[in-house]
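Read-outs throughout are calculated quantities, based only on the coordinates presented, and are distinct from any laboratory measurement. Note that the structure is a prediction, hence the values are computed from the model and not measured. Virtual Cβ from ideal backbone geometry, glycine too; neighbours counted across all protein chains shown.
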Amino acid sequence: ERLIEVRNLKKYFNTKKGLLHAVDDVNFFINKGETLGLVGESGCGKSTTGRVLLRLLEPTAGEVIFEGKDIVQFDKNQMRDIRKEMQIVFQDPFASLNPRMSVSEIIGEPLVVNKIYKSKVDLNKKVNELMGTVGLAERLVNVYPHELDGGRRQRIGIARALALNPKFIVQDEPVSALDVSIQAQILNLMGDLQKEFGLTYMFISHDLGVVKHVSDRIAVMYLGQVVELSEYNTMFKSP
Ligand code: ADP
Ligand code: ADP
């Protein structure tokens, strides 16, 4: 059963050198509960594809069908609701966040913004629960992310992404900035969470080794296009 289908997706940027076809007529689908790997060299359009998929960027053309509906046609209110279901985990979870926010503020922010807690006590309880889910010790609740190592920082980013109970998560180079020893921990965590919550993932990486390890199917991008789409990653997994 399909959760997401992308049809004839395009994203062009106006640049000094002219129109750049960052995403140039891309088609793929992702089934519920699976991981689609999106791999390709730097600059081939992976990140742009992920962002357009969530409408963090407006597509130039094309459809993004999520649970049967084209979200490209959605208005602001509809997008506000659908955004809860679709989250993103970045390579550096705090590049765009206020460095003066504590761990609990970062994880709790989506709950506060969407007003989905009944009281301060209720909010703290949910934040603690999320920290437990991603393996962060309770004593870290009031520290600041820059005081923590990369693995723990990424756990915070994952907890924040989980706060609104999404169905779908785009993982955009989630382990590329981490030490190899910590990469495995974060990959295992994401795999466990997928099973526990029935999550569907798009896993973006330039690292084919990592992509092969985590993906059920793999789309290879080159110059804005999907040039190869494997049915099953039979080399490394049994279907
Ligand atoms: P990848 O994630 O595969 O490294 P990106 O999706 O980040 O690739 O970028 C694809 C292409 O689009 C690159 O040539 C990049 O320079 C360009 N690009 C990305 N974002 C913008 C933007 N906001 N304005 C202009 N060009 C962009
Ligand atoms: P097992 O240990 O049973 O082989 P894995 O944890 O290796 O299972 O992976 C099972 C499935 O979980 C993969 O096919 C993939 O769908 C998903 N998965 C595992 N790790 C990740 C990850 N880090 N990111 C995305 N999907 C993952």
Regarding segment 53-173, what whole-number volume in Å³ per residue does the convex hull of its Cα atoms give?
116 Å³
Just to be sure I understand: of the beta bridges DSSP finds with both ends in segment 78-237, what percent are antiparallel, rounded to 5?
35 percent
Given unit charges at Cβ for Lys, Arg (+) and Asp, Glu (-), the dipole magnitude of the chain about its Cα centre in debye, nearest 20, is 660 debye
Of all the Cα-Cα pairs you can form in segment 1-71, what percent are over 16 Å apart?
48 percent
What trypsin sites (Lys or Arg not before Pro) in segment 89-175 are in a loop by DSSP, with at most 15 other Cβ atoms within 10 Å of the Cβ?
Arg100, Lys115, Lys118
Scaled to the compact-protein estimate 2.2 N^0.38 Å, what is the alpha-carbon radius of gyration of segment 140-188, rounded to two decimal places?
1.18
Compute from the Cα atoms of segment 118-200 the Rg and the Dmax, the latter being the longest Cα-Cα distance, and quote both in angstrom.
13.0, 41
Virtual spin-label span in nm between Asn31 and Asp81, 7 Å along Cα→Cβ:
2.9 nm
Taking chymotrypsin sites (Phe, Trp or Tyr not before Pro) as exposed when DSSP calls them loop (any state but H, G, I, E, B) and at most 14 other Cβ atoms lie within 10 Å, what is the longest stretch of the chain free of them, the sites themselves excluded?
1-231
Placing unit charges on C-beta atoms (Lys and Arg positive, Asp and Glu negative, everything else neutral), compute the dipole magnitude of segment 14-113 about its Cα centre in debye, rounded to 20.
280 debye
Test of understanding: express the Cα radius of gyration of segment 1-126 as a ratio to 2.2 N^0.38 Å, with N the residue count.
1.24
Gaussian network model of the chain, Cα springs within a sub-10 Å range: biggest mean-square fluctuation belongs to which of Gln183, Gln87, Gln171?
Gln183
How big is the C-alpha Rg of segment 64-117 next to the rule-of-thumb value 2.2 N^0.38 Å, as a ratio?
1.39
Counting only other residues whose beta carbon sits under 15 Å from that of His146, what net charge do I get with K and R as +1, D and E as -1?
0
With a cap of 15 neighbouring Cβ atoms within 10 Å, and only residues DSSP puts in a loop, list the GluC sites (Glu not before Pro) found in segment 153-239.
Glu231
So how long is each side of the chain along the principal axes, counting just the alpha-carbon atoms, biggest first, in Å?
48, 41, 41
For the cross-link pairs Lys118/Lys195; Lys76/Lys118; Lys17/Lys212; Lys84/Lys195, which exceed 27 Å when the distance is taken from alpha carbon to alpha carbon?
Lys118/Lys195; Lys17/Lys212
So if I restrict to the alpha-carbon atoms in segment 94-136, what is the Rg, and what is Dmax, the biggest pairwise distance, in Å?
10.6, 30
